[in-house]
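What follows is calculated from the coordinates using simple rules that are stated; it is not laboratory data. Please read these numbers as outputs of a predicted model, since none were measured by experiment. As a convention, Cβ positions derive from the backbone with ideal geometry for all residues, glycine included, and neighbour counts pool all protein chains shown.
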Amino acid sequence: MISEAPTLETMQLPSSARIPVLELEDVSKTYGTNPPVPALQGVSFSVAASELVAVVGPSGSGKSTLLYLMGTLERPTSGRVWLTGLDVAEMEDRELATVRATRIGFVFQQFFLAEHSSLLDNVADGLLYAGVSANDRREQAADALAAVGLGERVKSRPPQLSGGERQRVAIARALVGAPAIVLADEPTGNLDSATGEQIMALIEELNGKGATIVVVTHERTTADRCPRRIQLLDGQVISDTVA
Amino acid sequence: MQTELAAPRLSFPDLARVASVGLRTRRVRAGLSALGIAIGVAAIVAVLGLSASSQAGLLAEIDRLGTNLLTVTNGQTLFGQTAELPLAAPGMIRRVGPVTQMQYTGSTSMNAYRSQLIPAVNTNGLSVQAASLGLSRAVGTSLAHGRYLNPATAKEPVAVLGAQAAGLLGIDRIYPGERIWLGRTPKAGMWFYLTGILKPAVLAPEIDDSVLVGFPAARRYLGVDGHPTEIYVRSITNQTAAVQSVLAATVNPEAPNEVDVSQPSATLTARADAQGALNSLFLGLGAVSLLVGAVGVANIMLIGVLERRSEIGLRRSLGATKGQIRTQFLAEAILLALLGGAVGVAAGVISTVVYAHLKHWTAVIPATAWAGGLAAAIFIGATAGLLPAIRAARLSPTEALRTV
């Protein structure tokens, strides 16, 4: 039962009984062998459904490594990672890909949009590998674009958009198909501060509608907008505070 | 607690769309790298198509002229001297049941000159032959200009020119009073009036460089004894082999070994088959071009993988498996090669059709040519795309995402 995607009923449980969407237990990651470079050491925390969490730390603190571990793009050297109750360590590459396709949404600093495709196709591609039919993909993509305020521009192409609008498209692509968790890597990093504010406001709004979002950032101002902040330094969690 | 997490397969339209991303976004580059394969396939299709068309043209020509013509010529005696066909030979052949037509020529020792002022050595290699009256029809040719010999002109100093003979003598039309000089030399001989020029005789090319006169005239003016040297026999088509087997004995019962019997259409058919042998050189050139095209595709795909690392990283983060990334790049290489192959087949077919039209052949594109061309393109795409596809799939997603 644990592994099932959140339903209306599970979403309505009191917060204390919520299932953790993401759980890390004593996770370490070391790159290379000669000499080994530790990127993360003994990181443990869990993220419950509908939480908005900021992972904040200076460059080199292990933020990106943590994001990749949470997103199953990398496996920990030691420790365990559960995603919606699934033990990532026990899964094969194909299974991890399916987990990413159906349960995780990524937002990147560089947006990574296909310039020659329409916004609708860009967002629909978020479900390309999830086994959803083409028509359903487009329908859900239109809804997701509407949710980020670009419902009128489904036929535009990325080069016609401003940076903030592009990041909205990327967020719509991460949200389409309602994944269990959205991982945002420096979502405001390529934007001016005013536009960054708007993107954070959008993230808050989407979180308010029930989306579970982890924002990885080095900017304090961005982190301060999140109710929960996990601070990283030299690969270790130095604080985990809830506002 | 583990649920079924089998990765869903991409549907064919999705795969086609994903595989064409690189081609749609880098059109010039895709076009140029497909060009090598297009040229190779075009060369192969055109060579096979042209050879098949020319073969078909020749066979159609043979078919039109008929395969039932047999030629009887005087062979050699046991002592190596030129044998003579008996005077009675034409009459004997006429009695063979399935024979429908029988015509013959008798050679003379005369030369043909445009006029008396031509040096004696300039014979142009032309032969002067006495010919029976239905010869042109029997060998499957007709008159290009003027008319053939008839019972009246056969007795008079009148000549008809073979197609090549007319060319060599510089005569391209017939006008009243036109004449040529027939004799051993320009000093000893006489004028013969021209009455016609024949079209080329494909089945009897020896007629082409001959000057033909009637037998009565040849006997009277050129000292011919009336022995036939070449007899043309038409028979009922399905009896041709049977007629061929009895001809020698019929013509010269005493010495059938001194008679040569041949079927000119069989020689031509063999020549049509032998034509294919020349094609191997051109096919080899086409293959080299295909190889160069393959290297081009492999190169462009490898560059594509390097350039598109972020796309690969994004697709992995969207849930693509290694296999799906591999399939995408492999499909892209195949699509690229197939595109080149299709253009190549089209170019090969068009050039074949145009050339065949100019030559008045029926254009024939053998299935092996176009199907083989496309199959070769697919094979090349798959081979050339394999290494880049494996590289793309092996790329770690985090590495791919970092390199921006």
Principal-axis tilt of helix A:163-175 within chain A, Cα atoms, nearest 10 degrees: 70 degrees
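Please report the net charge: other residues with Cβ closer than 13 Å to the Cβ of residue B:392, K and R +1, D and E -1.
Every neighbour counted, the sum reads +4.
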Rounded D (µm²/s) - the protein assembly as shown, Kirkwood Rh over Cα pairs, Stokes-Einstein at 10 °C, 1.306 mPa s: 49 µm²/s
GNM flexibility winner over chain B from B:55, B:81, B:116 (Cα, springs under 10 Å): B:81
Rounded to whole Hz, the Karplus (6.51, -1.76, 1.60) HN-Hα couplings of region B:113-119, x for glycine and proline: 10, 5, 7, 6, 8, 6, x
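Would you calculate the convex hull of the Cα atoms in region B:267-366 and tell me its volume per residue in Å³?
Details: hull volume 13.1 nm³, N = 100.
Cα-based convex hull of region B:267-366, divided per residue, equals 131 Å³.
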Helix axis angle, B:240-251 relative to chain B longest principal axis, alpha carbon, degrees: 30 degrees
Measure of compaction for region B:90-134 (Cα Rg per 2.2 N^0.38 Å): 1.74
Charge-dipole axis of region B:267-404 as Lys and Arg at +1 and Asp and Glu at -1 on Cβ define it, positive-most pick from B:297, B:385, B:321: B:321
Dipole magnitude (debye, nearest 20) for region B:283-401, charges at Cβ of Lys, Arg, Asp, Glu: 260 debye
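Okay, helix-only estimate at 222 nm for chain B: each DSSP H run of n ≥ 4 adds -39500 (n - 2.57), divide by all residues, round to 500 deg cm²/dmol; what do you get? Please list the in-between numbers first.
Values: 14 runs with 209 residues, N = 404.
After summing the helix terms and dividing by the residues of chain B, the value is -17000 deg cm²/dmol.
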Among B:135, B:182, B:358, residue whose mean-square fluctuation peaks in a GNM of chain B (springs only between Cα atoms under 10 Å): B:358
Point-charge dipole on Cβ atoms (K/R +1, D/E -1) for region B:1-138, about Cα centre, debye to 20: 540 debye
GNM flexibility winner over chain A from A:36, A:76, A:20 (Cα, springs under 10 Å): A:36
Sites matching trypsin sites (Lys or Arg not before Pro) across region A:168-227 that sit in DSSP coil, with at most 15 neighbouring C-beta atoms within 10 Å: A:209
Cβ neighbours within 10 Å from other chains - mean over B:305-313: 1
Qualifying aspartates and glutamates (Cα of each under 17 Å from Cα of residue A:29; at least 8 residues distant if same chain): A:74, A:87, A:90, A:234, B:399
Using alpha-carbon coordinates, inclination of helix A:134-147 to the longest axis of chain A, degrees: 80 degrees
Average other protein chain Cβ within 10 Å of Cβ, residues A:98-106: 5
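Which order do peptides A:128-136, A:111-119, A:175-183 fall in by mean Cβ count within 10 Å, highest first?
So the peptides A:128-136, A:111-119, A:175-183, ranked by packing, come out A:175-183, A:111-119, A:128-136.
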Shielding by other protein chains, B:19-31, mean Cβ within 10 Å: 1
Nearest-20 debye value, region A:56-208 charge dipole, Cβ charges on Lys, Arg, Asp, Glu: 160 debye
Debye log10 I(q)/I(0) for chain B, one point scatterer per Cα, at q = 0.11, 0.12 Å⁻¹: -0.85, -0.95
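Dividing the alpha-carbon radius of gyration of region B:105-231 by 2.2 N^0.38 Å (N being the number of residues), what value is obtained?
On the way: Rg = 12.9 Å, N = 127, 2.2 N^0.38 = 13.9 Å.
So region B:105-231 has a normalised radius of gyration of 0.93.
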Farthest positive-ward along chain B dipole, Cα basis, beta-carbon charges - from B:400, B:86, B:18: B:400
Computed P(r) (all Cα pairs; region B:1-140; 10 Å bins; percent): 8, 16, 17, 15, 10, 8, 8, 11, 4, 2, 1, 0
Positive minus negative residues near residue A:157 (Lys, Arg vs Asp, Glu; Cβ under 12 Å): 0
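Taking every DSSP beta bridge that has both residues in the protein assembly as shown, what percent is antiparallel when rounded to the nearest 5?
Details: 54 of 80 bridges.
Counting only bridges with both partners in the protein assembly as shown, antiparallel ones make up about 70 percent.
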Interatomic Cα distance distribution for chain A, bins of 5 angstrom, percent: 1, 6, 14, 18, 19, 17, 13, 7, 3, 1, 0
